[in-house]
Structure formats: C-alpha cells, structure tokens
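The values are calculated or read from the model by the stated rules, or taken from the named source; none is laboratory data. These figures come from a predicted structure and were not determined experimentally. Positions of Cβ are backbone-derived with ideal geometry, glycine not excepted, and every protein chain shown enters the neighbour counts. Surface accessibility is based on the protein's heavy atoms, side chains included, excluding ligands, DNA and RNA. Shrake-Rupley method; radii C 1.70, N 1.55, O 1.52, S 1.80 Å.
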Amino acid sequence: QVQLVESGGDLVQPGGSLRLSCAASGIIFNLTSVAWYRQAPGKQREQVAYLTRSGRANYADSVKGRFTISRDNSKKTVYLQMNSVSPEDTGVYYCNAGTYSVGEYYPDHWGQGTQVTVSS
C-alpha cells in the first residue's frame, strides 16, 4: 500500500515562509521521482515542482526563485520550502510520487493534501 502524507500547511502572512513535508511509505523511495501540486477553489490543479530520483529539479514559472523542492531518501520524505509567499500561493498542496521519463513527469500516487493560506 502506497501512502503519502503531507503536513506543514498553515496560515502565513504575505512575504513569509513555510515548509511543507510529505512522508512516503509503501514505495522504493530512492527510485521514485516526486512532485508537488497545488489547487485553489475553482481552479485546475497545477504542478508546482518536481524532483527526479537523480536530483533534477523543475519549477513552475510562478514559483521559480521562491520555492525549493528537496528530498531526504533516508527519511523517505519530500519537502517544499516556500519563501516570499503571496496570496496567489494559497491553495491545497499535494505531494505526488511518480515517474520521470523523456523530459516529462508522470504523476502516480497522491497524498491527501495540506492547506496553505497566505493572508494578513
């Protein structure tokens, strides 16, 4: 059974920082590519960033320079460091375990999501 559990979502002020975590189980973590997605009410789910098993990272233009995706294979955990957040970053953030192939990330397993709200 594959399980991904996100945590760390919170209310944060504009310009502030937050770190999300995703604990994985039931997968060979070091052989799995990972990603973060987010979804706001009334909007489509969008990919925020992905990180391959070999360490290649890719970011959406909207978060480049502000967010950092990382992983700790020994802890089987994915992180998303969010800096200089704005209200546009508000949404439910989901982690994903998938596959990277031929320059594209393919989502597979999803976590339950964690709420991030950026507001004064």
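Just checking, how many residues over the range 77-90 are assigned to a loop (DSSP other than H, G, I, E, B) and open to solvent by 20 Å² or more (accessible area, probe 1.4 Å)?
First, pick out the residues of the range 77-90 that are assigned to a loop (DSSP other than H, G, I, E, B): 83-86, 90.
Imposing the further condition that a residue be open to solvent by 20 Å² or more (accessible area, probe 1.4 Å) reduces the set to 83-84, 86, 90.
Counting residues in the range 77-90 that are assigned to a loop (DSSP other than H, G, I, E, B) and open to solvent by 20 Å² or more (accessible area, probe 1.4 Å) gives 4.
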field: Lone qualifier among SER21, SER17 - being exposed (fewer than 14 other Cβ atoms within 10 Å of the Cβ), under 21 Å from VAL116 (Cα atoms) and within 15 Å of the chain's Cα centre (by Cα)
entry: SER17
query: Just one of the numbered conditions (1) part of a loop (DSSP other than H, G, I, E, B); (2) of a type in the set (A, V, I, L, M); (3) over 26 Å from VAL102 (Cβ atoms) is not true of LEU20; which one?
result: (1)
statement: All-but-one check, TYR106 against (1) more than 19 Å from GLU6 (Cα to Cα); (2) in contact (Cβ under 8 Å) with a residue 60 or more places away in the chain; (3) assigned to a strand (DSSP E or B), failing number (2)
field: the range 52-76, subset charged (D, E, K, R) and either touching a helix residue (DSSP H, G or I) at 6+ places or on another chain (Cβ under 7 Å) or on the phi > 0 side of the Ramachandran plot (or both), residue least open to solvent (accessible area, probe 1.4 Å)
entry: LYS76
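If you check VAL5 against the conditions, is it over 17 Å from SER119 (Cα atoms), in a strand (DSSP E or B), open to solvent by 50 Å² or more (accessible area, probe 1.4 Å) and touching a Cys at 6+ places or on another chain (Cβ under 8 Å)? Lay out the reasoning, then the answer.
Numbers: over 17 Å from SER119 (Cα atoms): yes; in a strand (DSSP E or B): yes; open to solvent by 50 Å² or more (accessible area, probe 1.4 Å): yes; touching a Cys at 6+ places or on another chain (Cβ under 8 Å): yes.
Here the answer is yes, as VAL5 does meet what is asked.
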message: Can you find a residue that is open to solvent by 30 Å² or more (accessible area, probe 1.4 Å), under 10 Å from the mean Cα position of the chain (by Cα) and farther than 16 Å from ASP10 by Cα anywhere in the range 32-51?
response: yes
- prompt: In the range 91-120, how many residues are of a type outside the set (Ser, Thr, Tyr), open to solvent by 50 Å² or more (accessible area, probe 1.4 Å) and closer than 23 Å to GLY16 by Cβ?
  reply: 1
message: So in the range 44-63, with the set limited to residues that are under 18 Å from SER101 (Cα atoms), part of a loop (DSSP other than H, G, I, E, B) and among the hydroxyl-bearing types (Ser, Thr, Tyr), which one is modelled with the lowest pLDDT?
response: SER54
